[in-house]
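Reading through the structure tokens given below for one structure.
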Amino acid sequence: MADAILGRDMKYPLETLKKHFICLGSTGSGKTVLSKALIEEAAINGIPSIIVDPQGDLASLAMPGTGKNVDKERLELFQKNARVVVFTPTSSKGIPLCVNPLKLPKKNIDSEDAVSVLNQISSSVTKLIGYDLDKDAGKNSQAVLYLLLHDCWKKEIHLTTFDGLSSLVLNAPENVRKEGEAFFNDAKALAQLAKKLKFLTIGEKELMFQSGAQLDMDMLLGKGKGKTQISVIYLNSLETMEEKQFFASMLATELYQWMLSNPSKELQALFLIDEVSSYIPAGAEKPMAKEILKLVYKQARKYGVGCITGTQNPGDIDYKAFAQFGTWALGRMVTKQDIAKVKTALEAVGAEKAEKVLSSLPSLKPGQFFMFCPDLFRDVKEFSVRWLLTEHKTLTDDDVKKITTPETRAMFKLKEAKAAKKEGGIASKGGAAHLAVNVSKADAQAMIEKKKKRMFLFFGPKRETLESFRLVALPLLRVHAFTTKKGIFKDRTERFTLYFDAVEGNLAALDAKGNIKFFETSKLLSLNETELRVLKAIIEMGDNATHAEISSKLGITETAVNDAANVLMRKHLVSLSGRKKEQGRAYLWESVPMKVPLKLKKAVSEEAEVSNSKEEWQEQKPSVNEKNIAVFLRAWLGAGIEDSDIVYYPYYEVKLFGKKKRRLLKISAVSGKEIE
């Protein structure tokens, strides 16, 4: 993975962020600027970020830098690769964002992890409605909520509103009452708890749970949306510190659940909270977000999630959380207490060197830092953080409204609509979205009889028998994509629908009758943008293309072409067909024959009618990486992604057994045609 350019003489390997990064220094030392520089570098290199912004100064990542010291070339690269979205809980100034604190863990996660999540949810809700968890009434209420949520999790009952939870408090299942008999014998206390839960369904509190796009990690990470997304959660739209604590708690809980289901050995996302001391303070104080943040900081590195944070006073952070950060950036510190807190760690580089650094801390200028990272450097490294590519200013609610473009709002409109449709207290599992099953099993079996091979070419007894026959649901990733073309007066945007086999990754083309055909794109999804562009150029140039010709066509260096071509050859996508000796390193490349569309119009599908009726079938699980599809669409077809979802394509899987071998047929349950 690439290095982050943090200063003239400071390159920091992004992969090191898996072991977390903390910025320490007094007000004005440049902590937030350094954190923003890391986020910019990560975005340029394809790593998305989720940022909790308590002050409003991180939201200005959405504003391109205008100063004379801004690296214009690198800013252009940042704007090309990154999208910054500012989410505003309870407010429509940015992209409104709401949270469902009753969203329970997936059934397949480890029971210990489920207990941690359910305990965090029940504790946070109990505190939000005004209980003190150090007192008996708070402990009792938290126990009631935990037992009810745990029972819902075991039975796969999906709670969607506090009305539903309030009703459960008063009408708890018999098995829950028996399990927690001591907590359910005070009818007055239960009535009070149910009443407090009801208060969350009215007034401004309701906006936190019902207004806007539902909190979802894939949405915040920009999965399937083309550019690398930086999602800033602007907490100034919330009224009280209690609400901010609750939202941060639910965000961290959702992130923790997502990590468990999406492990990665490589860095796949960043999570930044600025001025974290109020969320994870030292000592016995336990605000809502403290325990879940400690768990995230402890576990995140195993799942490829890097955490960045900062604080003015090192002694104000819980020491166990503090110990999880592998890189320290030390800015100006003026108090003896703060300097003493970092002294012990710095002595690992030697007492004399440590003393020199410690004595220099009070005199550091804004933007000057000492970096301490034993995994990278033997010594402490001094550097000055580079000029930001984006603006650095504190934004008001009205500023956020100005920088949130209509295009950004349109991108999340569908998400908001989906969130708004959720009603009622307890939801049951419905049928998966799928194309209609138009061909019955009887009709399909009749087709199979005609397809059985005979003893002779067209006549004689049938020599194949039916070994197995089942209805299968193939998951298709339905992508709502777009292209933007420059016009004389304004840009023109076109929108269209694409489908991908969500198991193999092959691009699928659907017509109005439900017929489906596949392109051979699965091998291309592992390529990066340069490799894809080089491969497409070789195909378009009619093979026998040289490095120089490809370099000229794409506007990249011959070295980049050579590196990409070598990768393509290792993957058996191109081969060497010769060499022009008179042109130096003029290797001739040719592509391996493959069925891949070069023009967008060949790939576009007609929008198919979708049903939600329940069907008895064998459902395959989606496994394709949406980020790879976004890279493919951008590099190969010049398209971006607005939104995506999963729909299922039903087909009959047929296994026939002949005299010497077996044969597999796939017959569309939508159109009745054989799928090749």
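The values are calculated or read from the model by the stated rules, or taken from the named source; none is laboratory data. From a predicted model like this one, the values you see are computed outputs, not experimental measurements. Ideal geometry is used to build each Cβ from the backbone, glycine not excepted, and the neighbour counts take in all protein chains shown. In case anyone asks, the SASA skips ligands and DNA or RNA and just uses the protein heavy atoms, side chains included. Shrake-Rupley method; radii C 1.70, N 1.55, O 1.52, S 1.80 Å.
Test MET250 against the criterion of being aliphatic (A, V, I, L, M), in contact with a Leu (Cβ under 8 Å, 6 or more places away or on another chain), assigned to a loop (DSSP other than H, G, I, E, B) and farther than 21 Å from LYS18 by Cα, and give yes or no. No: the conditions fail for MET250. Applying the criterion of being among the aromatic types (Phe, Trp, Tyr) and in a loop (DSSP other than H, G, I, E, B) to the residues of the range 376-410, the residue that is farthest from PHE325 (Cα to Cα) is TRP387. Just to be sure, is ALA323 within 30 Å of THR240 (Cα to Cα), open to solvent by less than 10 Å² (accessible area, probe 1.4 Å) and out of contact with any strand residue (DSSP E or B) (no Cβ under 7 Å at 6 or more places or on another chain)? No, not satisfied. Filter the range 492-521 for residues that are small (Gly, Ala, Ser) and farther than 15 Å from LEU637 by Cα; which is nearest to the chain's Cα centre (by Cα)? The selected residue is ALA502. With respect to (1) open to solvent by less than 10 Å² (accessible area, probe 1.4 Å); (2) within 20 Å of ALA300 (Cα to Cα), the lone exception for GLY46 is condition (1).
Of everything in the range 106-127 that's in contact (Cβ under 8 Å) with a residue 24 or more places away in the chain and open to solvent by less than 10 Å² (accessible area, probe 1.4 Å), which residue is nearest to LEU197 (Cα to Cα)? Residue satisfying both the conditions and the ranking: VAL125.
Looking at the range 206-213, is at least one residue at pLDDT 90 or above and not in a helix (DSSP H, G or I)? I'd like the intermediate steps shown before the answer.
Residues of the range 206-213 at pLDDT 90 or above: none.
No, that holds for no residue.
Each residue in the range 223-262 was checked for being buried (at least 22 other Cβ atoms within 10 Å of the Cβ), closer than 26 Å to LYS302 by Cβ and either of a type in the set (Lys, Arg) or modelled with pLDDT under 90 (or both), and 1 pass.
Look at (1) within 32 Å of the chain's Cα centre (by Cα); (2) within 25 Å of ARG74 (Cβ to Cβ); (3) buried (at least 18 other Cβ atoms within 10 Å of the Cβ) and you find that PHE377 fails only one, number (3). Among the criteria (1) farther than 29 Å from LYS298 by Cα; (2) surrounded by fewer than 16 Cβ atoms within 10 Å (Cβ to Cβ), the one GLY212 does not fulfil is (2). Here LYS302 meets each of (1) crowded, with 20+ Cβ neighbours inside 10 Å; (2) in a helix (DSSP H, G or I) with one exception, condition (1).
Residues in the range 411-440 that are outside any loop (DSSP other than H, G, I, E, B) and either open to solvent by 70 Å² or more (accessible area, probe 1.4 Å) or at pLDDT below 85 (or both): how many?
Residues in the range 411-440 being outside any loop (DSSP other than H, G, I, E, B) and either open to solvent by 70 Å² or more (accessible area, probe 1.4 Å) or at pLDDT below 85 (or both): 11 in total.
Go through the residues of the range 149-158 one by one and say whether even a single one is free of Cβ contacts under 8 Å to residues at least 60 places away in the same chain, open to solvent by 50 Å² or more (accessible area, probe 1.4 Å) and either farther than 26 Å from ASN262 by Cβ or out of contact with any helix residue (DSSP H, G or I) (no Cβ under 8 Å at 6 or more places or on another chain) (or both). Yes; the residues of the range 149-158 include at least one that is free of Cβ contacts under 8 Å to residues at least 60 places away in the same chain, open to solvent by 50 Å² or more (accessible area, probe 1.4 Å) and either farther than 26 Å from ASN262 by Cβ or out of contact with any helix residue (DSSP H, G or I) (no Cβ under 8 Å at 6 or more places or on another chain) (or both).
So, in the range 597-609, exactly how many residues are open to solvent by 50 Å² or more (accessible area, probe 1.4 Å) and farther than 18 Å from ASN528 by Cα? Step through it out loud before you land on a result.
Initial filter on the range 597-609 (open to solvent by 50 Å² or more (accessible area, probe 1.4 Å)): 598-599, 601-602, 604, 606-607, 609.
This time we only want the ones that are farther than 18 Å from ASN528 by Cα, so: 599, 601-602, 604, 606-607, 609.
So the answer is 7.
Can you spot a residue in the range 481-491 that is aliphatic (A, V, I, L, M), buried (at least 21 other Cβ atoms within 10 Å of the Cβ) and touching a strand residue (DSSP E or B) at 6+ places or on another chain (Cβ under 8 Å)? Yes, there is a match, as at least one residue in the range 481-491 is aliphatic (A, V, I, L, M), buried (at least 21 other Cβ atoms within 10 Å of the Cβ) and touching a strand residue (DSSP E or B) at 6+ places or on another chain (Cβ under 8 Å). Taken together, the criteria place SER123 among residues that are in a helix (DSSP H, G or I), modelled with pLDDT of 90 or more and not aromatic (Phe, Trp, Tyr). If only residues of the range 360-373 that are within 14 Å of VAL342 (Cα to Cα) and under 33 Å from the mean Cα position of the chain (by Cα) are counted, the one that is surrounded by the most Cβ atoms within 10 Å (Cβ to Cβ) is PHE369.
So which of SER611, SER623, SER644 ends up being among the small types (Gly, Ala, Ser) and over 22 Å from the mean Cα position of the chain (by Cα)? Selected residue: SER611, the only one of SER611, SER623, SER644 that is among the small types (Gly, Ala, Ser) and over 22 Å from the mean Cα position of the chain (by Cα). Tell me yes or no: at least one residue of the range 312-319 is part of a strand (DSSP E or B) and farther than 25 Å from GLY7 by Cα. Yes, that holds for at least one residue.
Pairs meeting the criteria (first residue in the range 504-522 and under 14 Å from LYS673 (Cα atoms), second residue among the aromatic types (Phe, Trp, Tyr) and open to solvent by less than 50 Å² (accessible area, probe 1.4 Å), beta carbons under 7 Å, at least 6 apart or on different chains) are LEU510/TYR499; ILE516/TYR649.
For the range 370-394, a tally of residues being over 14 Å from ALA345 (Cβ atoms) and of a type outside the set (Asp, Glu) returns 14. The residue of the range 263-289 that is farthest from LYS139 (Cα to Cα), among those that are more than 22 Å from the chain's Cα centre (by Cα) and surrounded by 21 or more Cβ atoms within 10 Å (Cβ to Cβ), is VAL276.
Matching residues to (1) basic (Lys, Arg); (2) at negative phi; (3) in a loop (DSSP other than H, G, I, E, B):
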| position | (1), (2), (3) |
| --- | --- |
| THR497 | no, yes, no |
| ALA508 | no, yes, no |
| ALA512 | no, yes, yes |
| LYS536 | yes, yes, no |
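Can GLU181 be described as among the acidic types (Asp, Glu), more than 27 Å from VAL52 (Cα to Cα) and open to solvent by 10 Å² or more (accessible area, probe 1.4 Å)?
Working: among the acidic types (Asp, Glu): yes; more than 27 Å from VAL52 (Cα to Cα): yes; open to solvent by 10 Å² or more (accessible area, probe 1.4 Å): yes.
Yes; evaluated as a whole, the condition is true for this residue.
Quickly run through the range 563-583 and pick out the residues that are at pLDDT 85 or above and either among the polar types (S, T, N, Q) or surrounded by fewer than 16 Cβ atoms within 10 Å (Cβ to Cβ) (or both).
Within the range 563-583, ASP563, ASN566, MET569, ARG570, LYS571, HIS572 qualify.
Yes or no: the range 615-630 includes at least one residue that is free of Cβ contacts under 8 Å to residues at least 40 places away in the same chain, farther than 24 Å from MET411 by Cβ, surrounded by 13 or more Cβ atoms within 10 Å (Cβ to Cβ) and among the acidic types (Asp, Glu). No, there is no match, as no residue in the range 615-630 is free of Cβ contacts under 8 Å to residues at least 40 places away in the same chain, farther than 24 Å from MET411 by Cβ, surrounded by 13 or more Cβ atoms within 10 Å (Cβ to Cβ) and among the acidic types (Asp, Glu).
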